[in-house]
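What follows is one structure encoded as structure tokens, with my remarks underneath.
Laboratory data are not the source of any read-out in this text; all were calculated from the coordinates shown. Computed from a predicted structure; not experimentally measured. As a convention, Cβ positions derive from the backbone with ideal geometry for all residues, glycine included, and neighbour counts pool all protein chains shown.
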Amino acid sequence: MSCRHNGKEWISWGFIANSVTFGPDDMILAGTSTGVFRYDGDSWEPVYEIPLGSAKSVRSLAVASDGAVWALMQDAGVGRYDGEEWEIHTLNDVLENSVLNSIAIDPDGVVWVGTEEGLYRYGETPIFVETSEILPSEIDIKGNFPNPFNPSTAIRFALPHEGTVQLSIYNIMGQRVRTLIDASMIAGIHRVQWDGKDDQSLEMSTGIYFLRLMMGDMMATHRMVLIK
């Protein structure tokens with residue numbers, strides 16, 4: 001049940017709200033088991049129809065500075081509504097075993113997703129941030145699992161402090177085939193998935209590939225084997 005306090009008493013509405021957020025022009029949105037509802041000052045009305053069949057349960061909502069609505073959808077993944085249609089970021093190997101709990105957008109426009117496993121920084125490639133009280137002393141690629149792999153592998157790497165990070169993949173000829181990360185990141189242990197594809201989403205062939213992690217003047221490399 002959804003409730004609001006008007007300063008004197010609680011007013012309730014007969015639907016289950018998993019989350020409530022505020023957007024531009026004093027817009028109030030609620031994520032429910034049947035989609036997204038908007039409050040017009042007097043009543044709630046369903047908006048932003050989600051074309052996902054049974055996967056319409058919205059666990060958490062956030063509104064970006066451009067007015068786009070981001071939602072965590074049960075069994076579907078992360079959705080973004082631009083005012084006309086939903087763009088669904090389907091769960092991949094990084095998130096598929098996680099229970100998605102919450103979503104938030106920081107002042108820089110970066111989308112963060114909280115799960116029962118930990119915290120993810122969301123982009124075209126979701127990045128998992130491991131929680132730890134001890135920060136690494138230097139950048140390091142902890143490895144990838146599985147290795148050899150087919151078709152995807154999870155890569156763990158460590159950052160000693162916040163800074164701009166590039167994580168790229170090169171073939172045996174020294175040609176860069178995929179840029180996984182090119183962004184500012186916080187210190188800690190991170191995990192990202194490579195799906196075995198290049199920057200054009202073409203599947204790579206069997207062979208040896210090299211990871212290169214760079215932050216400022218620091219660099220680390222790691223060898224991976226893709227087997228088809």
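What FRET efficiency, computed as 1/(1 + (r/R0)^6) with R0 = 25 Å and r the Cβ-Cβ distance, is obtained for Leu202 and Arg80, rounded to the nearest 0.05? Taking R0 as 25 Å, the efficiency between Leu202 and Arg80 is 0.50. With a Förster radius of 25 Å applied to the C-beta separation of Met27 and Asn101, the computed FRET efficiency comes to 0.60. Ranked by how many other Cβ atoms sit within 10 Å of their own Cβ, fewest first, the residues Tyr209, Tyr39 fall in the order Tyr39, Tyr209.
Placing pseudo-labels 7 Å out from each Cα toward the beta carbon at Glu116 and Glu87 gives an inter-label distance of 3.0 nm.
Each of Ser205, Ser19 was scored by other Cβ atoms within 10 Å of its Cβ. Arranged with the fewest first, they read Ser205, Ser19. Full extension of the chain segment joining Ser184 with Met219 gains 11.0 nm, where the gain is 0.36 nm per residue of separation less the Cα-Cα distance. With the simple model of a label 7 Å out from the Cα in the direction of the Cβ, Gln175 to Glu45 spans 5.5 nm. Fully extending the segment from His161 to Asn147 would add 2.3 nm, taking 0.36 nm per residue of separation and subtracting the current Cα-Cα distance. Here the 3J(HN,Hα) profile of the stretch 63-68, calculated from phi with Karplus coefficients 6.51, -1.76 and 1.60 at θ = phi - 60°, is 10, 7, 5, 8, x, 5 Hz, Gly and Pro shown as x.
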